[in-house]
1. It is to be established whether one or more residues within the stretch 132-145 are of a type outside the set (Val, Ile, Thr), under 29 Å from Ala27 (Cα atoms) and surrounded by 10 or more Cβ atoms within 10 Å (Cβ to Cβ).
2. Of everything in the stretch 85-104, what is of a type in the set (Gly, Ala, Ser), loosely packed, with under 12 Cβ neighbours inside 10 Å and farther than 10 Å from Leu16 by Cβ? Give them in sequence order.
3. Among the residues of the stretch 50-61, what is the count of those that are small (Gly, Ala, Ser) and either part of a strand (DSSP E or B) or surrounded by 14 or more Cβ atoms within 10 Å (Cβ to Cβ) (or both)?
4. Pick from Ala73, Ala68, Ala119: which is assigned to a strand (DSSP E or B), under 15 Å from the mean Cα position of the chain (by Cα), within 30 Å of Gln28 (Cβ to Cβ) and at pLDDT 90 or above?
5. Those residues that are of a type in the set (Gly, Ala, Ser) and farther than 28 Å from Gln67 by Cα, I need them from the stretch 15-53; list them, please.
Amino acid sequence: MFPAGDDPEQARTQALKSARSIVPALAQVAAENALPYLECASGIAYGTVIYGNVGSRERLDFTVIGQAANIAARLGDYGKTLGHQIVVSQNSLPESCQTSTGLGALKLHNVSQPVESYAVAPFLTAPPVQPRPELKGPPPAPKSMAK
């Protein structure tokens, strides 16, 4: 999930960059740890969702609900059947993406309208990990919401 806020194009770009980075990062992890090839499939869709923890103390799950979440899941599944590791809906494809292959309007399970979709190739190598600033001391106490 990449909240769009005031810049939906940046959210689309970050989502696609993350998906394209995951594939070579998994290959690197597998090689460094003598693991078999690790595969993944990513579906990306743009839209409004609701997310959060759902459940009880005995079983609490973080979940995402909404049409965009359903479309993303279906696109990922569709990609697996055709050997595409990243499949995105047209409305989530950043304008800057020059490496997509049109898949046409896909009829997806539990989605009322066909979704114009594209396959995007992963990066050949994972981008370098950006170092995080070191935090010193405990995190700050939450601010009170009371007025």
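The values are calculated or read from the model by the stated rules, or taken from the named source; none is laboratory data. All values reported here derive from a predicted model rather than from experimental measurement. Heads up, the Cβs are rebuilt from the backbone with ideal geometry, glycines too, and the neighbour counts pull from every protein chain shown.
1. no
2. Gly102, Gly104
3. 2
4. Within the list Ala73, Ala68, Ala119, the selection yields Ala119.
5. Ala25, Ala27, Ala30, Ala31, Ala34 - these are the residues of the stretch 15-53 that are of a type in the set (Gly, Ala, Ser) and farther than 28 Å from Gln67 by Cα.
A quick yes/no check of all residues on (1) among the acidic types (Asp, Glu); (2) outside any loop (DSSP other than H, G, I, E, B); (3) modelled with pLDDT of 90 or more; (4) closer than 18 Å to Tyr118 by Cα:
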{"residue": "Met1", "(1), (2), (3), (4)": "no, no, no, no"}
{"residue": "Gly5", "(1), (2), (3), (4)": "no, no, no, no"}
{"residue": "Glu9", "(1), (2), (3), (4)": "yes, yes, yes, yes"}
{"residue": "Ser21", "(1), (2), (3), (4)": "no, yes, yes, yes"}
{"residue": "Ala31", "(1), (2), (3), (4)": "no, yes, yes, no"}
{"residue": "Tyr37", "(1), (2), (3), (4)": "no, no, no, no"}
{"residue": "Thr48", "(1), (2), (3), (4)": "no, no, yes, no"}
{"residue": "Thr63", "(1), (2), (3), (4)": "no, yes, yes, no"}
{"residue": "Asp77", "(1), (2), (3), (4)": "yes, yes, yes, yes"}
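Here's the yes/no breakdown for (1) of a type in the set (Gly, Ala, Ser); (2) on the phi > 0 side of the Ramachandran plot; (3) without any contact (Cβ under 8 Å) to a residue 40 or more places away in the chain:
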| position | (1), (2), (3) |
| --- | --- |
| Ala41 | yes, no, no |
| Thr48 | no, no, yes |
| Glu58 | no, no, yes |
| Ala68 | yes, no, yes |
| Gly76 | yes, no, yes |
| Gly79 | yes, no, no |
| Val87 | no, no, no |
| Ser92 | yes, no, no |
